[in-house]
Amino acid sequence: MKLTHAVDYLNGLLGDRRSPEVAIILGSGLGGLADLIEDPLAVDYHDIPDFVRSTAGGHRGQMIFGSLGSVSVVAMAGRFHRYEGWSNDETAYPVRVMQALGATRMIVSNAAGGVNPKLKVGDIMIIRDHINLMGGTFAFNASGRSRLGQSSRHPIYDESMMEAARVAAMRADFSVMFGCYLATLGPTYETRAEYRMMRKIGGDVVGMSTVPEVLAAGELGMKVLGLSMVSNVADPDRPNVADHQEVLAAGQDAAVRMEAIVRGVLA
Ligand code: HPA
């Protein structure tokens with residue numbers, strides 16, 4: 001997979017605008033954050049050469065360039081999932097594009113099931129670490145030398161961004177938990193036995209995204225903040241049906257708090 005065509009095309013559109021410093025990936029139901037971007041330039045994924053296409057509901061399928069406060073950003077409204085059939089490389093491809101355009105930090109968000117019984121629907125969790133049960137490998141290596149092997153020795157998620165997120169939540173008068181994001185391939189939700197296992201092995205939330213993008217960002221030396229919005233409670237003793245509508249509804253409530261965190265971290 002080549003970056004050149006997509007990067008040249010986007011740089012051409014950006015003209016003399018500032019290069020993005022921070023990449024933001026908006027998860028299910030959290031796309032409203034994109035509307036806060038000032039002086040926006042929205043580019044449809046299907047107009048970008050070599051770009052993969054987003055198909056999951058609730059996703060716009062656009063890259064939005066602009067600023068949030070004084071920070072130049074590029075946001076992805078709509079992301080790619082392994083369960084749509086994309087490889088790790090394809091799923092993480094936009095991250096490489098955004099990094100090549102200048103982004104050195106990434107804020108990635110998702111909707112996830114709350115595995116830790118302390119979590120309620122609408123809660124936001126700051127991702128401190130992850131468990132990758134999604135599998136798959138990366139073939140495409142933009143740097144020509146993989147740093148993925150370092151991820152177990154060096155924390156992937158950036159301490160200072162995590163702390164900034166906690167402070168932003170505190171200032172906006174709500175509390176957030178730090179925890180572990182467990183990634184599955186999906187697209188099926190879990191069985192009760194699987195939820196039990198996930199609790200035992202240390203997962204706090206479970207979702208089907210984020211890890212490929214975070215691994216690529218880590219490889220590229222980007223600083224990463226991950227935020228999960230709890231869209232449903234994954235209680236093995238009270239099985240619930242988590243459908244896409246539920247995920248989107250929880251997202252609307254949590255979006256305001258998510259915005260407070262993103263703005264606080266950027267400030
Ligand atoms: N399981 C997996 N992925 C999810 C869930 C869940 O319960 N909720 C939102 N994404």
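The values are calculated or read from the model by the stated rules, or taken from the named source; none is laboratory data. No experiment lies behind these values; they were computed from the predicted model shown. All Cβ positions, even for glycine, are placed from backbone atoms using ideal geometry, and neighbour counts span all protein chains on display.
Matching residues to (1) out of contact with any Ser or Thr (no Cβ under 7 Å at 6 or more places or on another chain); (2) closer than 14 Å to TYR157 by Cβ; (3) hydrophobic (A, V, I, L, M, F, W, C); (4) surrounded by fewer than 20 Cβ atoms within 10 Å (Cβ to Cβ):
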{"site": "SER175", "(1), (2), (3), (4)": "yes, no, no, yes"}
{"site": "ALA193", "(1), (2), (3), (4)": "yes, no, yes, yes"}
{"site": "GLY202", "(1), (2), (3), (4)": "yes, no, no, yes"}
{"site": "THR210", "(1), (2), (3), (4)": "yes, yes, no, no"}
{"site": "ALA217", "(1), (2), (3), (4)": "yes, yes, yes, no"}
{"site": "VAL224", "(1), (2), (3), (4)": "yes, yes, yes, no"}
{"site": "VAL233", "(1), (2), (3), (4)": "yes, no, yes, yes"}
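If I go through the stretch 170-204 residue by residue, how many of them are assigned to a strand (DSSP E or B), touching a helix residue (DSSP H, G or I) at 6+ places or on another chain (Cβ under 9 Å) and not aromatic (Phe, Trp, Tyr)?
Residues of the stretch 170-204 assigned to a strand (DSSP E or B): 177-184.
Narrowing the set further to residues that are touching a helix residue (DSSP H, G or I) at 6+ places or on another chain (Cβ under 9 Å) leaves 178, 181-184.
Narrowing further to those that are not aromatic (Phe, Trp, Tyr): 182-184.
Residues meeting the conditions: 3.
Report, by residue number, each residue of the stretch 189-206 that is more than 13 Å from the ligand (Cβ to nearest atom) and closer than 19 Å to LEU227 by Cα.
Passing the criteria: only GLY202.
Scan the stretch 1-46 residue by residue and report those that are closer than 19 Å to TYR93 by Cα, crowded, with 19+ Cβ neighbours inside 10 Å and touching a Pro at 6+ places or on another chain (Cβ under 9 Å).
Answer for the stretch 1-46, where residues must be closer than 19 Å to TYR93 by Cα, crowded, with 19+ Cβ neighbours inside 10 Å and touching a Pro at 6+ places or on another chain (Cβ under 9 Å): ALA6, ALA23, ILE25, TYR45.
Is it the case that some residue within the stretch 244-258 is within 11 Å of the ligand (Cβ to nearest atom) and at pLDDT 90 or above?
no
May I ask you to list the residues in the stretch 217-240 that are more than 10 Å from the ligand (Cβ to nearest atom), modelled with pLDDT under 90 and aliphatic (A, V, I, L, M)?
LEU220
Can you tell me which residue among SER143, SER160 is closer than 30 Å to LEU3 by Cβ, surrounded by fewer than 16 Cβ atoms within 10 Å (Cβ to Cβ) and modelled with pLDDT of 95 or more? Lay out the reasoning, then the answer.
Working: SER143 fails: modelled with pLDDT of 95 or more.
That would be SER160, the only listed residue that is closer than 30 Å to LEU3 by Cβ, surrounded by fewer than 16 Cβ atoms within 10 Å (Cβ to Cβ) and modelled with pLDDT of 95 or more.
Tell me whether the stretch 80-98 contains one or more residues that are of a type outside the set (Val, Ile, Thr), in contact with a strand residue (DSSP E or B) (Cβ under 9 Å, 6 or more places away or on another chain) and closer than 20 Å to VAL233 by Cα.
Scanning the stretch 80-98, I find no residue that is of a type outside the set (Val, Ile, Thr), in contact with a strand residue (DSSP E or B) (Cβ under 9 Å, 6 or more places away or on another chain) and closer than 20 Å to VAL233 by Cα, so the answer is no.
With respect to the numbered conditions (1) buried (at least 18 other Cβ atoms within 10 Å of the Cβ); (2) within 16 Å of GLY186 (Cα to Cα); (3) in contact with a Gly (Cβ under 7 Å, 6 or more places away or on another chain), which one is the sole condition not fulfilled by TYR83?
(1)
Give me the pairs, please: first residue somewhere in the stretch 78-94 and aliphatic (A, V, I, L, M), second residue anywhere and part of a loop (DSSP other than H, G, I, E, B), beta-carbon distance under 9 Å, and either six or more positions apart or on two chains.
Correct list of pairs: ALA92/PHE80; ALA92/PHE138; ALA92/PHE140.
Just checking, how many residues over the stretch 70-122 are assigned to a strand (DSSP E or B) and either more than 18 Å from ALA42 (Cα to Cα) or within 14 Å of the ligand (Cβ to nearest atom) (or both)?
Narrowing the stretch 70-122 to residues assigned to a strand (DSSP E or B): 71-77, 105-114.
Going one step further and asking which of them are either more than 18 Å from ALA42 (Cα to Cα) or within 14 Å of the ligand (Cβ to nearest atom) (or both), we end up with 105-114.
The qualifying residues number 10.
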